[in-house]
1. Under a crude label model (7 Å from the Cα following the beta-carbon direction), how far is Gln303 from Arg333 in nanometres?
2. Set the Förster radius R0 to 30 Å, insert the Cβ-Cβ distance between Asp171 and Asp376 as r into 1/(1 + (r/R0)^6), and round the FRET efficiency to 0.05.
3. At what distance in nm do the modelled label points of Gln50 and Ala35 sit from each other, each positioned 7 Å from its Cα along Cα→Cβ?
4. From Cα pairs below 8 angstrom and at least 6 apart in sequence, can you work out the relative contact order of the stretch 4-184, rounded to a whole percent?
Amino acid sequence: MDRCIVLVDAGYLLGAAASLLAGEPSRSRITVDHAALIQALRERAESETQRPLLRIYWFDGAPDRLPQPEHRRLRVMPRVTVRLGALTRTDGRWAQKGVDAAMHAELTELARNRACSDIVLVTGDGDLLPGMMAAKEHGVAVHLWAVQAADGDYNQSEDLVAEADERRVLDRVWITRAVRAKELGGVCAPPPAPRPEIAAILSAPLPEGGLTATAERPAEEPEGAASATAQNGTQERLPAAKGVPTPKDLAALRAPGAQTAQQPAGATLRWSSDKGWVDRPTTAESPEAAFLPTLAQLTSAEQRWADREEDITTVGGDPYEVGQVFARRWIERLTDPPHLTRLSGMYPRIPHRIDGELLRYAARFGLLAHKDDQIDEHDRYAIRAGFWREIDQRTAAEHAPVGE
């Protein structure tokens, strides 16, 4: 078939671009306009091979092989297919697993089935040498592209270079059409706006009392550790009292069988927020919270597909924006307007069911710290701050006098 196919090792392409532009192979040091990069690859491949493009295969690693935001955008672009290997962390460094094997399998299968006449390889790994040789034996012309090396030397396997039919170098001028070094100030997308709300939360001093009525240990107990008599009469050591009980501590005090004498009467948790410290009772969630619908309950099958399309094409990975989008959808689909007022009155504590759904939605955008499957603390502040900002704006609009 007189067509060309491009196989891209994203780890090599973007890592080498980062070395060239930022001085180190960390992809976090560069910003990439993926749409421009795909278009540039297509134009270059069709020009070099004099063949129309059939498809671009994008090979990359991802934690647990779960698509990250860039992968989700790439795989809906015309003529682009994304193949993901694993991304594992060892000794503080990320490493791809299975990407080379996937490229080798795709390369040999395409050549065996005569799906194209020319294959462009953007890689530097010598493990692809057997696949390259097999493709040549099936009558396919193999074009090997390299990213200009930062030190002027090769950044590809010497055997791979020697075996290729055609060789080209993607120089700095070509790379900078779609890639920029972050420290140079040229970014392919506008940087996220500063969030004074989040800064206010993170910089707020700790309250002097911690709780307006803290669950402190009686004065007659020794400082450090207390003892309690178990049912069998033996002495049992209890952990030392903390100056500020955590929500977990307070939950333990409310547990069945807990000594009522230890219950802090009227204890109140103090929440930090962009509006300052907000006191909330330590009691369980308001009964009203149980009647607030989740976004899933408000969303039809048609809306779910529309949401997915918007997430892929429009919503970025900024945590603040993610919180806003979630809140906007929740508000627009409410069938009972008073629910918005009820939720607003619970600030800054998002009801548990809705908060869990919000964080699961945010995890789709690659915000998980993969070591512990937790979202970074700063990102959680940003997600919830964006959520509440959207709620505040809609609540203010609901209560604005007519004519304003």
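Please treat every number below as a calculation from the coordinates, not as lab data. Source: prediction; values computed, not measured. FYI the Cβ positions are ideal-geometry reconstructions off the backbone, even for glycines, and counts take in every protein chain you see.
1. 0.4
2. It comes out at approximately 0.20.
3. So the two model labels end up 3.3 nm from each other.
4. Once normalised by length, the contact order is 28 percent.
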